Amino acid sequence: MKAELIAVGTEILLGDIVNTDAQVISQGLSELGIDVYYQTVVGDNPQRLERVIREAKARADILITTGGLGPTLDDLTKETLARVFDKKLVLDQPSLDRIRKFFADIGREMTPNNEKQAWLPEGCVPLVNDWGTAPGCAFEADGTHVIMLPGPPRECEPMFRLRAMPYLYPLAGGCIVSHNVRVFGLGESAMEAILHDQMATMQNPTIAPYAKTSECFVRVTAKADTAEQAEELLAPVVQQVVDALGDSVYGVDVDSLEQVVGDGLRARGLTLAVAESCTGGLLSKRLTDLPGASAYYKGGVCSYANAVKVGVLGVSQHTLDTKGAVSPETAEQMAHGVARLMGTDFGVGITGIAGPDGGTPEKPVGLVYIAVCWGERCQIYEMHSSLGRDRVRYQAASTALDLIRRMLDEQAV
């Protein structure tokens, strides 16, 4: 099956927003084994939209549109698709009832133009939108399957995953199941080199490496008649990948390093506090983004100034004078100091030069020291990065999380 994506919205063409919907949908279609050959962005112009739809209709088995389902005059996706595929628009009463309930629940009066969103192509399958007002829909005509989704990412992503993908499963032919092996500390090219022979010879399951911000993952995908059969194919291959990549693997089908660390601390009844300089609270934010973090995260100190390092964390002035604020000694004293201050099992200290200024030949931009202390045990990591301020900060926070993860794993062994 060949799919084509059409994003409708002048705001995308103007660069006011980024078309993240296309990424989410393309990834989901890949999981289903459906190829995407074309992606198009078109403005809120009915003539240009109709031309793009007719071109897609001639070459795609599946046509997915995002955007243009709202209540305003320039929301014309449904009307244009209905015209191209010779479909009448009819009022879908359940959709209208849900829209009315949405406005009643938030205490606002529903304006008459919102009824427009409940008019759908005759004979379509409505796709219920529990995240907004505009329902999606799906229909088949002239040999093409058409799926319409709302444009806002907070609506489009769950609508695609929970509404459109089940509609597409039968079209994919069989069942496709994937597992993601999450990796930190190995680059994509190094990971590919380790897995090269397996990737070159395997056809089902398949192995594909991907890079993300400061980390990588390997997606292992199998296709079979049933999910159980796919899982049987996947299990040994996933284990082979985990064994090949070793302790750089921090989990399979986990969300993030912070999730793994949080789960590990909670399971062992351990607590954590952090002292951050160059990361400016980013590690604390990532830890506390997770529900239930208060079970293990007790607090943090954002010690940008040396006076805070000394006065709050107890870093030695002599250390700062002789070794500098960016040094392994300072990072270690920050970690011990915050653990002592908060009364926690783990203490983390991060100090470095995020840039773009402030570096020297001896201590260049991108140099960061991360210390993770657990009682008297302390591991210190010297990190170097040249990929910009935001990347330095994010990578430093990830490195701290990975050090904690490794220390917890060592205890488990």
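The values are calculated or read from the model by the stated rules, or taken from the named source; none is laboratory data. What you are looking at is a predicted structure, and each value in this text was computed from that prediction instead of being measured. Here the Cβ is made from the backbone with ideal geometry for all residues, glycine too, and neighbour counts use every protein chain on show. Areas reflect the complete protein model, heavy atoms only, side chains present, ligands, DNA and RNA absent. Shrake-Rupley method; radii C 1.70, N 1.55, O 1.52, S 1.80 Å.
Taking 4.7 Å between beta carbons as the limit, the unpaired Cys residues of the chain are Cys156, Cys175, Cys216, Cys278, Cys302. Near Ser385, the amide H atoms lying under 5 Å from its own belong to Leu367; only residues 5 or more places off or on other chains count, and H is placed 1.01 Å from N. Helix 328-342 and the longest principal axis of the C-alpha atoms of the chain enclose an angle of approximately 80°. Taking the alpha carbon gyration tensor of the chain, multiplying each eigenvalue by 5 and rooting it gives semi-axes of 48, 26, 20 Å, largest first. Between the residues Ala305, Phe139, Ala200, the greatest Cα displacement towards the positive end of the dipole of the chain, with unit charges on the Cβ of Lys, Arg, Asp and Glu, is found for Ala305.
Annotation: the antiparallel percentage among DSSP beta bridges lying fully within region 1-62 is about 0. In plain terms, the chain from Ala267 to Thr288 could stretch by 5.9 nm, reckoned as 0.36 nm per residue minus the Cα-Cα distance.
Cα centroid separation, region 291-306 to region 182-245: 35 Å. In terms of overall dimensions, region 85-175 has a Cα radius of gyration and Dmax of 14.1, 46 angstrom. Scanning residues 5 or more positions from Tyr250 or on other chains, those with amide H under 5 Å from its amide H are Arg182, Val183, Phe184, with H placed 1.01 Å from N in the peptide plane. Compared with the dominant principal axis of the Cα atoms in the chain, helix 188-201 is inclined by about 50°. Legend: P(r) of region 105-230 from all alpha carbon pair distances, 5 Å bins from 0, whole percents, reading 2, 9, 13, 13, 13, 13, 12, 9, 8, 5, 2, 1, 0.
The value given for region 208-326 is a Kirkwood hydrodynamic radius of 17.8 Å, derived from the mean inverse Cα-Cα separation.
Quick check on region 1-128: take the gyration tensor over C-alpha atoms, sort the square-rooted eigenvalues as a ≥ b ≥ c, and tell me if it's rounded (a/c under 1.5), prolate or oblate.
Here region 1-128 falls in the prolate category.
Accessible surface calculations at 1.4 Å, restricted to protein heavy atoms, place the chain at 46 Å² per residue. One compactness figure for region 270-363 is 1.08, namely its Cα radius of gyration divided by 2.2 N^0.38 Å.
Note that region 206-219 has calculated 3J(HN,Hα) couplings of 10, 10, 9, x, 9, 9, 10, 4, 6, 7, 9, 8, 10, 9 Hz, one per residue in order, obtained from phi through the Karplus relation 6.51 cos²θ - 1.76 cosθ + 1.60 (θ = phi - 60°); glycine and proline are x.
On the accessible surface of region 373-413, probed at 1.4 Å, how many percent belong to carbon and sulfur atoms? It is 45 percent, rounded to a whole number. Using only side-chain charges placed at the Cβ, +1 for Lys and Arg and -1 for Asp and Glu, the dipole size of region 299-376 relative to its Cα centre rounds to 120 debye.
A convex hull fitted around the alpha carbon atoms of region 40-112 yields 118 Å³ per residue. So in the chain, what percent of DSSP beta bridges are antiparallel if you round to the nearest 5? Counting DSSP beta bridges with both partners in the chain, the antiparallel share is about 60 percent.
Legend: distances between Cα atoms for Lys212/Lys285; Lys101/Lys212; Lys212/Lys323; Lys298/Lys363; Lys2/Lys88; Lys116/Lys223; pairs beyond 29 Å are Lys101/Lys212; Lys212/Lys323; Lys298/Lys363; Lys116/Lys223. For region 227-232, putting each phi into the Karplus relation 6.51 cos²θ - 1.76 cosθ + 1.60 with θ = phi - 60° gives couplings of 5, 5, 5, 5, 5, 5 Hz, in residue order, rounded to whole numbers and with x for Gly and Pro. On region 62-170, 55 percent of the accessible area sits on carbon and sulfur atoms, based on a 1.4 Å probe.
Here the chain is treated with +1 on each Lys and Arg Cβ and -1 on each Asp and Glu Cβ, and its dipole about the Cα centre works out to around 720 debye. Relative to the longest principal axis of the Cα atoms of the chain, helix 257-268 runs at roughly 60 degrees. Taking amide hydrogens as placed 1.01 Å from N in the peptide plane, the amide H of Ile34 sits under 5 Å from that of no residue at least 5 positions away in sequence or on another chain.
By accessible area, using a 1.4 Å probe on protein heavy atoms only, region 188-290 has 50% of its surface on carbon and sulfur.
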